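The values are calculated or read from the model by the stated rules, or taken from the named source; none is laboratory data. This is a predicted model, so every value here is computed, not measured. FYI the Cβ positions are ideal-geometry reconstructions off the backbone, even for glycines, and counts take in every protein chain you see. The accessibility values were calculated without ligands, DNA or RNA, using every heavy atom of the protein model including side chains. Shrake-Rupley method; radii C 1.70, N 1.55, O 1.52, S 1.80 Å.
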Amino acid sequence: MATVGPLARIARLGSSICRNHRLSFNRSTQRRGIASCVDPSHGLTDEQKEFQKMAFDFAANEMAPHMSEWDQKEIFPVETMRKAAQLGFGGIYVQPEVGGSGLSRLDTSIIFEALSTGCVSTTAYISIHNMCAWMIDTFGNNDQRERFCPDLCLMDKFASYCLTEPGSGSDAASLLTTAQLKGDHYILNGSKAFISGGGDTDIYIVMCRTGGKGPKGISCLVVEKGTPGLSFGKKEKKVGWNSQPTRAVIFEDCAVPVINRLGEEGQGFNMAMRGLNGGRINIASCSLGAAHASVQLARDHLLVRKQFGETLSNNQVRRSLIHSIRSHFLPYLQFKLAEMATKLVASRLMVREAAIALQENRSDAVSLCSMAKLFATDECFNICNDALQMHGGYGYLKDYAVQQFVRDIRVHQILEGTNEVMRMIISRNLLTES
């Protein structure tokens with residue numbers, strides 16, 4: 001199995017040819033049509049700018065043209081994701097010796113932000129898949145890493161993360177799915193709710209109860225599709241995230257080999273939370289991509305849309321005092337766009353700082369990940385919603401991408417820990433640290 005070296009090391013060699021699923025680059029990075037004040041390449045190294053451009057180009061060429069169709073027809077774009085995996089996006093922060101790209105959390109955030117400009121829903125699934133691959137790479141033994149990670153990094157197989165249950169959402173430590181040890185197998189019983197990829201994916205990272213109540217009784221099992229006793233609920237009809245299926249995952253006397261347990265019994269909850277810290281950065285990064293695209297769409301709309309004989313970009317400031325109807329109709333569009341851009345950049349800075357803290361295993365990492373997820377998902381939803389409002393009635397039509405960005409990122413305020421839970425984590429840290 002060919003391994004993939006770290007992206008930065010490959011980039012320093014200049015241009016590399018894509019062999020197997022290695023990351024390839026072209027040094028002649030072109031400037032995109034992005035206003036300098038919101039340019040997401042500011043502050044990045046040359047190597048980061050190169051793979052950011054690769055992700056932007058993939059989003060523009062392979063994702064954006066199909067985003068609406070995937071949404072309306074609820075298509076899970078497997079082949080497109082496998083093309084992304086050929087660029088190294090199937091195991092971005094998985095170690096190279098098992099097929100990953102070996103990149104940092106900051107690098108990962110940069111990539112997911114760029115990909116999300118082409119399709120938030122698909123990128124969000126790719127981010128969940130990456131989290132699952134990372135969990136096996138980080139907590140698995142060598143046999144487990146070699147068995148599962150190469151196929152996941154190539155996206156020959158796809159993964160789902162199974163924590164939430166019908167009766168335990170935010171209170172994840174109260175989960176009820178049980179795994180009873182019998183010989184060399186665990187007998188798994190229970191169900192998981194709202195599982196991204198459920199039914200269509202191949203590997204399920206399942207948090208289950210092997211011990212007593214509370215977090216210390218939770219373990220983590222890798223359940224493979226086709227295991228007797230594993231079944232799935234109906235495909236959910238969702239407001240957004242329609243390019244990835246969502247189903248309940250059901251276990252009825254499902255026999256899982258002991259060799260598929262990650263780590264020791266009782267370590268599962270800690271694994272789940274560590275996975276979610278990165279997941280919060282990932283999902284916040286997907287929100288950044290939607291907000292970035294929406295700011296660009298709103299800017300372009302203001303530059304071309306005419307009312308009262310002038311474009312919206314020129315109308316309000318020069319003449320709002322002359323014609324009262326204009327001052328009521330267009331009182332603040334330019335200023336609103338400025339506020340949106342400011343919130344976008346502030347969100348991006350917070351997410352990237354949290355990514356660095358997580359990579360460095362800093363003591364403030366958990367709180368910063370929670371802050372970044374809270375702030376970025378709230379503000380980026382507001383940005384997308386404001387962009388829709390700027391489009392007027394056109395923004396409510398499915399012919400215009402802005403409405404899909406609004407629908408796709410609304411759920412980001414709910415999953416990977418609701419934003420109310422993020423507030424709990426942050427306040428607890430503030431009130432308990434001396």
Original post:
Which members of the range 135-190 meet the condition of being closer than 28 Å to V98 by Cα and of a type in the set (D, E)?
Top reply: D137, D143, E146, D151, D156, D184
**OP:** Could you tell me which of the residues F112, F76, F58 is outside any helix (DSSP H, G or I) and closer than 27 Å to K238 by Cβ?
**Re:** F76
Subject >> Number of the exception - A159 against (1) open to solvent by less than 10 Å² (accessible area, probe 1.4 Å); (2) over 15 Å from N260 (Cβ atoms) >> reply: (2)
Original post:
Quick one: which of G240, G199, G190 is in a strand (DSSP E or B), closer than 23 Å to M131 by Cβ, at pLDDT 95 or above and small (G, A, S)?
Top reply: G190
Original post:
Could you say which residue among L358, L344, L374, L388 is at pLDDT 95 or above, in contact with a His (Cβ under 7 Å, 6 or more places away or on another chain) and part of a helix (DSSP H, G or I)?
Top reply: L344
Subject >> Boolean, I205 is buried (at least 21 other Cβ atoms within 10 Å of the Cβ) and part of a strand (DSSP E or B) >> reply: yes
Original post:
Is there any pair linking a residue in the range 178-203 that is free of Cβ contacts under 8 Å to residues at least 40 places away in the same chain to one that is among the basic types (K, R), with Cβ under 8 Å and at least six apart or on different chains, and which?
Top reply: T178/R209
Original post:
Given N141, N130, which one is of a type in the set (S, T, N, Q), in the same structural domain as F112 (by the TED database) and either surrounded by 19 or more Cβ atoms within 10 Å (Cβ to Cβ) or under 17 Å from I218 (Cβ atoms) (or both)?
Top reply: N130
Original post:
Which one of these is touching a Ser or Thr at 6+ places or on another chain (Cβ under 8 Å) and either open to solvent by 10 Å² or more (accessible area, probe 1.4 Å) or not assigned by the TED database to the domain that holds N141 (or both): E79, E74?
Top reply: E74
**OP:** Output the residues belonging to the range 360-415 that are open to solvent by less than 20 Å² (accessible area, probe 1.4 Å) and of a type in the set (F, W, Y).
**Re:** F405
Original post:
Are any residues in the range 162-194 open to solvent by less than 50 Å² (accessible area, probe 1.4 Å) and touching a Pro at 6+ places or on another chain (Cβ under 9 Å), and if so, which ones?
Top reply: A172, A173, Y186, S191, K192, A193
